[in-house]
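**Q** Before I ask anything, let me first share the structure, which is written out below as C-alpha cells.
Readers should treat all values here as calculations from the given coordinates under stated rules, not as data from a laboratory. All values derive from a computational prediction rather than experimental measurement. Reconstructed Cβ throughout: ideal geometry from the backbone, glycine too, with neighbour counts over all protein chains shown.
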C-alpha cells in the first residue's frame with residue numbers, strides 16, 4: 001500500500017503550503033477539515049498523525065475530533081521509507097532508516113505475524129499503527145509515552161505506537177474494521193510532497 | 001452361510017443403500033452456495049461455489065470538490081495525555097470498502 005496522492009492533493013497543497021515542515025497545533029485540525037470538505041476521507045473515519053508533536057488525532061467521518069493521544073514514532077527523522085525496507089528483518093534496519101513515512105495512506109485492518117490485530121498504514125513498508133509493546137525494557141516505550149515532551153517519542157522502527165487503551169477505545173473502532181485514511185504530516189522541509197505539496 | 005446371516009447381510013445392504021440415497025447429490029447450482037459441489041478446473045468451466053464470500057475491495061470513489069479552508073488552533077497538544085470526546089464511530093456513514101476480515105496476508109510490522 002503506497003502513499004497515494006489524492007485527487008484533492010492540490011487543495012491540500014494550498015492549505016498546507018504555508019506550513020510544510022511545521023507542526024502548529026492547528027495543522028491536524030486544518031487538514032481534517034480540508035479532507036472532509038473535499039471528500040478525501042471517502043466518508044469514513046480517519047486519523048492524522050503529527051510527527052512533530054508525536055501525536056495522533058482520530059476524527060469521525062464528519063471531521064469531528066474524537067480524541068488524540070501521544071504516539072511513538074520512528075527513531076529517525078525523515079518522511080520517506082527506504083525502498084524495500086518492508087522486506088527486511090528488523091535487525092537489518094539501520095538507525096537512520098527507522099523513519100515513519102509521511103503522506104496520505106489508505107489504511108486497512110490486518111494482523112502481524114504474532115496474530116495481533118493492527119491497522120496497516122503502509123503495508124508494503126510494513127508500517128502499522130498498533131498498541132505499544134513494551135517488550136524491550138531498555139527502550140522504555142511506556143515511559144516515553146508518558147512524558148509530556150515529544151522529543152523522546154522517537155524509538156520505533158517506523159510503526160506508530162499507540163497507548164493500549166487509546167487504541168482499543170478509538171483507533172480500533174475507527175480504523176480496525178474497514179479501510180480508512182491515515183494522514184501523516186511531514187516533518188522535514190519539502191516533505192510535504194508526500195501529501196501532494198510542492199517542495200519548498 | 002445360514003439363513004440368519006444372509007438376512008443380516010441383506011438388511012445391512014439395504015440400510016446402507018437407503019442412507020446413501022438420502023445424501024445430497026452433487027450439483028453445480030446449489031440453492032445454498034455453502035453446500036456447493038462439483039467444482040471444476042477454472043479453465044474447464046464453471047466451478048461450484050465454495051461458500052466463501054468474495055472480498056469486496058472496491059472502494060467507492062469519492063468526488064472531489066473544492067472545499068473551504070478554515071483554521072483552528074484550538075486543539076490541545078503536548079500534554080502527554082490522551083484526550084477523548086465522543087461516543088465512538090457507530091453513527092458514521094462509511095462508504096469505504098467494508099470488510100470485517102483482514103484482506104492482507106499477515107506479516108511482520110516494524111514495531
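**Q** Roughly how many nanometres apart are two label points built 7 Å out from the Cα toward the Cβ at residue A:137 and residue A:117?
**A** Label-label distance for residue A:137 and residue A:117, simple model: 3.1 nm.
**Q** Pairs of Cα atoms under 8 Å, at least six residues apart: use those to get the relative contact order of segment A:9-195, whole percent.
**A** On the way: 405 pairs, mean separation 57.5, N = 187.
For segment A:9-195, the relative contact order is 31 percent.
**Q** Quick one: work out the % antiparallel among DSSP beta bridges in segment A:9-195, nearest 5. Walk me through the numbers on the way to the answer.
**A** On the way: 23 of 33 bridges.
Around 70 percent of the beta bridges assigned by DSSP in segment A:9-195 are antiparallel ones.
**Q** Now for a separate question. First measure r as the distance between the Cβ atoms of residue B:105 and residue A:147, then evaluate 1/(1 + (r/R0)^6) with R0 = 51 Å and state the FRET efficiency to the nearest 0.05. Please list the in-between numbers first.
**A** Numbers: r = 36 Å, r/R0 = 0.71.
Efficiency, rounded to the nearest 0.05: 0.90.
**Q** For the pair residue A:165/residue A:96, report the inter-label distance in nm, with labels modelled 7 Å from Cα in the Cβ direction.
**A** 4.1
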